[in-house]
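Structure first, commentary second.
What follows is calculated from the coordinates using simple rules that are stated; it is not laboratory data. Predicted, not measured: the structure shown is a model, and the values here were computed from it. Every residue, glycine as well, gets a Cβ built from its backbone with ideal geometry; the counts of neighbours run over all protein chains shown.
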């Protein structure tokens, strides 16, 4: 029987982006299914975005060192990573992402959203960008536009955010099985052990 693992993530989280390859490997090697859950990393960000330096300034490290650290990780993982200067509100992208998941195109949409932001620096709160992502994920554009305009998945995102709070999740990525959590962009060995500890068998 396939086990479901909840994955709490946000499209503007670099470690969630770096995590994607390990997730794919875990999915391929174990009998499990990931259920994507939205997490509010920086929900206060305005739709027009704000300077990344404002975010970086919250941490006790030199900004240039933080930027270089992220770039090195992206290069090591062979992931496209642009020279971004802005961060954007990801709420609408999360709503469209949950809809994409219900259409069985979640994986394609999530990867497209990550790359749009981290590789191309696109505004994930912009309707045109969101429809481009829907097209890349081979989703129905008319329905995607309705989801964005009518906010039909707003309640679903609210439920994810509330469950994250109830579980005490304060950082992403976080994997959840039942009430047990594995927090952060862990090495693959830790992820595989987490799966085995919960009785998940190899495929």
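See the values below:
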{"item": "Diffusion coefficient, µm² s⁻¹, Stokes-Einstein with Kirkwood Rh over alpha-carbon pairs of the stretch 3-197 at 37 °C and 0.692 mPa s", "result": "191 µm²/s"}
{"item": "Residue 24/residue 44 FRET efficiency (R0 35 Å; Cβ-Cβ; nearest 0.05)", "result": "0.65"}
{"item": "Förster-model FRET efficiency, 45 Å R0, residue 3 and residue 54, C-beta, rounded to 0.05", "result": "0.70"}
{"item": "P(r) of the stretch 134-199 over all Cα-Cα pairs, binned every 10 Å from zero, in whole percent", "result": "17, 31, 28, 23, 2"}
